[in-house]
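Student: Mind looking over this structure? Questions follow.
The values are calculated or read from the model by the stated rules, or taken from the named source; none is laboratory data. Predicted model, so just to flag it, every value in this text is computed and none were measured. Methodologically, a virtual Cβ is constructed for each residue, glycine included, from the backbone with ideal geometry; neighbour enumeration extends over all protein chains shown.
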Amino acid sequence: MSTSSAQQLLHNIFGYSQFRGEQQAIVTHLVAGGDALVLMPTGGGKSLCYQLPALLRDGVGIVVSPLIALMQDQVDALQQLGVQAACLNSSLDAEAARDVTERLIQGDLQILYVAPERLLMPNFLMLLEQLQNSSGIALFAIDEAHCVSQWGHDFRPEYRKLTVLHERFPDVPRVALTATADAPTRAEIVERLALENARQFVSSFDRPNIRYRVTQKASARQQLEAFLEAEHAGDAGIVYCLSRRKVEETAEWLKSRGWDALPYHAGLEANVRNINQRRFLREEGVIMVATVAFGMGIDKPNVRFVAHLDLPKSMEGYYQETGRAGRDGLPANAWMAYGLGDVVSMRQMLDSGDAPEERKRVERQKLDALLGFCESTACRHQTILRYFGEDHPGDCGQCDNCLEPVDTWDATQAAQMALSCVYRTGQRFGVAHLIDVLIGKATSRVEQFRHEQLSTFGIGKALTQQQWSSIYRQLVTGGFLESDMEAYGGLKLMEAARPILRGENEIWLRRDIEVSKRASKAERGARAKEAYAGVSDDPLWHALKTKRTELAREQGVPPYVIFHDSTLLEILNHRPANLTEMSQISGIGQAKLGRYGDAFLQVLEEA
């Protein structure tokens, strides 16, 4: 393959003037027939890494994806570019599936998306063999390759059977792609998919356009609304909750407050889930409140925020979930409200589960890493990258800890009080009861009498209930205390607490800022929304978005399939006067230029 042919296709079809990161090296390697493992963050341009080689090589590119609900949107996007693409999965009726199969046999398709279950059917594998002997197979792309890992959060057993591709089609290049894989998961992908000889392309995991923030949980819903009002009025976003019940209650509450919010979880009827997901993908400004059942492979590029009202299960989960924000490269927010209750409930869920002890140990380690991230006073970007084995050059200037450095304080004496209170009360009570003892609050005369016999009763009156909650949370995450399942979540001392109690070690803790439930109206107005650098008030911006929505509705596709926000922003800033100038805008290839160029030029002329 000549560099010029790949470059030409990149510009003519996809509308980009240059490759990003390692894209060109990956494309060159695959076109030459090599196998590859590609680790690239969400929004880094993974799809292009297999779509372009599929078009440059003879035959059809077969893309294996577990994301049945989103395949059609990927196909829609390719068809907008003039690419002959289709999908084959259980959502198609018999006639539609037969039509796709006939097009495949006749060599009319350039790219086919297929679910792993469908690909592994004996008759489909036979069909692929016929195809290989006729028009040919350009490559196999195995998307979301981390699904092969039994330790991962998206394990799919059928992924482990995909070695059949190597066994039956040894001459067809394979590329496995994922946005989330620590070193053990990466090794498992290589082993399970027989990619020992594949070249590995590992891009930086950094998402510099995402601002990470972790806030102390006080009144989570009110805190969430204050965040939305301050920075995301009218924006699309995702709010993650741990339970189905909380998803529905939060969505209903947001709706009652005037937000366009929808619920999504595995317990909803399939048609409700599909309708809600379709609305989120195809309409502007919809907030999806969801469990982790929603999101893997979400292609919507203008998700401006991801908020967590509950703690995720691991750093991988957090990274992947927050990575659904800002895929278009524009500024986005990852916001999380975090409290001690999250730590206790997550650990109880792990301990009470049916998983083997080895799996539980791995999950505890993953949770501990996430807790460390929450409590860290260091740069959030640095902490995330360090977890994935990557260095970060310095403070990011794009997270809460860098923008508002956290205060630390010598908490040795307070920690001794807190730990001593746990010991004196028999290591069987939860945080709320322990704090009552420390601040001298008795709920009845009997308890008051019993508490007054304790040397720790009332010794912590100098600190507030919120401050004591912060101290206990950090002592739990620091490994000085743990929740005892047999004592219904009561706290008990760990070995690390002994030197603190004896006065042998100092302990410095993060000083949490007192949280107000809602920002004042003046404060909310003062915080400029950065996502579009003030563009939200520009009438031309709204006119361009209106035209995009109108065209999308005519064709029954999501607005971002017409143009990404980043493309509209470039049109707004450069104001092309003709089709030649319009063709220089990033994201506008020949097919889209011919289809939409005049319509958007007219909007500019009328402005």
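Student: Could you count how many residues in segment 543-586 are modelled with pLDDT under 90, of a type in the set (V, I, T) and part of a loop (DSSP other than H, G, I, E, B)?
Tutor: 1
Student: Another question, if that's okay. Tell me whether segment 338-357 contains one or more residues that are closer than 25 Å to V202 by Cβ and assigned by TED's automatic domain parsing to the domain that holds V239.
Tutor: No.
Student: Hey, another quick one. Quick check, is S91 without any contact (Cβ under 8 Å) to a residue 60 or more places away in the chain, surrounded by fewer than 17 Cβ atoms within 10 Å (Cβ to Cβ) and under 27 Å from R156 (Cβ atoms)?
Tutor: yes
Student: Give V172, V100 a once-over and let me know the one that is in contact with a Phe, Trp or Tyr (Cβ under 7 Å, 6 or more places away or on another chain) and assigned by TED's automatic domain parsing to the domain that holds L30.
Tutor: V172
Student: From the list Q79, Q24, Q84, Q18, exactly one residue is among the polar types (S, T, N, Q) and either under 19 Å from S135 (Cβ atoms) or not assigned by TED's automatic domain parsing to the domain that holds D171 (or both). Which is it?
Tutor: Q84
Residue by residue, here is whether (1) touching a strand residue (DSSP E or B) at 6+ places or on another chain (Cβ under 8 Å); (2) exposed (fewer than 14 other Cβ atoms within 10 Å of the Cβ) holds:
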| position | (1), (2) |
| --- | --- |
| M126 | no, yes |
| F140 | yes, no |
| C147 | no, no |
| P170 | no, yes |
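Student: In segment 1-45, which residues are part of a helix (DSSP H, G or I) and out of contact with any helix residue (DSSP H, G or I) (no Cβ under 9 Å at 6 or more places or on another chain)?
Tutor: Selection gives S4, Q8, A25.
Student: For the subset of segment 114-123 comprising residues that are in a helix (DSSP H, G or I) and free of Cβ contacts under 8 Å to residues at least 12 places away in the same chain, which member is surrounded by the most Cβ atoms within 10 Å (Cβ to Cβ)? Lay out the reasoning, then the answer.
Tutor: Initial filter on segment 114-123 (in a helix (DSSP H, G or I)): 116-119, 122-123.
From what's left, free of Cβ contacts under 8 Å to residues at least 12 places away in the same chain: 122-123.
Values: P122: 7, N123: 9.
Looking at the filtered set, the residue picked out is N123.
Student: For segment 543-577, name all the residues that are free of Cβ contacts under 8 Å to residues at least 12 places away in the same chain and either over 15 Å from A599 (Cα atoms) or of a type in the set (V, I, T) (or both).
Tutor: Matches in segment 543-577: T546, G556, N573, H574.
Student: Let me ask something additional. On the given criteria, is G82 surrounded by fewer than 18 Cβ atoms within 10 Å (Cβ to Cβ), more than 21 Å from Q200 (Cα to Cα), modelled with pLDDT under 95 and of a type in the set (G, A, S)?
Tutor: Yes, satisfied.
Student: Out of everything in segment 565-599 that is surrounded by fewer than 16 Cβ atoms within 10 Å (Cβ to Cβ) and among the hydrophobic types (A, V, I, L, M, F, W, C), what residue ends up being nearest to Q8 (Cα to Cα)?
Tutor: Per the criteria, the residue is L579.
Student: I would also like to ask the following. Would you confirm whether or not segment 192-210 contains a residue that is crowded, with 20+ Cβ neighbours inside 10 Å, modelled with pLDDT of 90 or more and over 20 Å from C49 (Cα atoms)?
Tutor: Yes, because at least one residue in segment 192-210 is crowded, with 20+ Cβ neighbours inside 10 Å, modelled with pLDDT of 90 or more and over 20 Å from C49 (Cα atoms).
Student: Go through segment 384-502 and tell me which helices (runs of 4 or more DSSP H), entirely inside it, have 2 or more residues that are within 35 Å of the chain's Cα centre (by Cα) and at pLDDT 80 or above.
Tutor: In segment 384-502, the matching helices (runs of 4 or more DSSP H) lie at 400-403, 431-439, 465-477.
Student: Then there's this: Any residue in segment 316-326 that is farther than 26 Å from S566 by Cβ and within 12 Å of the chain's Cα centre (by Cα)?
Tutor: Yes, there is a match, as at least one residue in segment 316-326 is farther than 26 Å from S566 by Cβ and within 12 Å of the chain's Cα centre (by Cα).
Student: Still on this structure, please answer the following. Of all residues being under 25 Å from A187 (Cβ atoms) and not hydrophobic (A, V, I, L, M, F, W, C) in segment 365-380, which is modelled with the lowest pLDDT? Just the residue, please.
Tutor: Checked segment 365-380; the qualifying residue modelled with the lowest pLDDT is Q365.
Student: So the check is Cβ under 6 Å with 6+ separation or different chains; which pairs have a first residue in segment 274-288 that's free of Cβ contacts under 8 Å to residues at least 24 places away in the same chain and closer than 12 Å to K300 by Cα and a second one that's assigned to a loop (DSSP other than H, G, I, E, B) and not acidic (D, E)?
Tutor: Between residues of segment 274-288 that are free of Cβ contacts under 8 Å to residues at least 24 places away in the same chain and closer than 12 Å to K300 by Cα and residues that are assigned to a loop (DSSP other than H, G, I, E, B) and not acidic (D, E), the close pairs are R279/V286.
Student: Scan segment 399-419 and report the pairs whose first residue is touching a residue at least 40 places away in the same chain (Cβ under 8 Å) and loosely packed, with under 12 Cβ neighbours inside 10 Å and whose second residue is hydroxyl-bearing (S, T, Y) and not in a helix (DSSP H, G or I), with Cβ atoms within less than 8 Å and a gap of 6+ or a chain change.
Tutor: Between residues of segment 399-419 that are touching a residue at least 40 places away in the same chain (Cβ under 8 Å) and loosely packed, with under 12 Cβ neighbours inside 10 Å and residues that are hydroxyl-bearing (S, T, Y) and not in a helix (DSSP H, G or I), the close pairs are T408/T377.
Student: Which of the residues belonging to segment 312-333 are at pLDDT 90 or above and of a type in the set (A, V, I, L, M, F, W, C)?
Tutor: Matches in segment 312-333: A325, L330, A332.
Student: For E283, all conditions in the list (1) under 23 Å from Y212 (Cβ atoms); (2) surrounded by fewer than 19 Cβ atoms within 10 Å (Cβ to Cβ) hold save one; what is the number of the exception?
Tutor: In the conditions (1) under 23 Å from Y212 (Cβ atoms); (2) surrounded by fewer than 19 Cβ atoms within 10 Å (Cβ to Cβ), E283 misses (1) alone.
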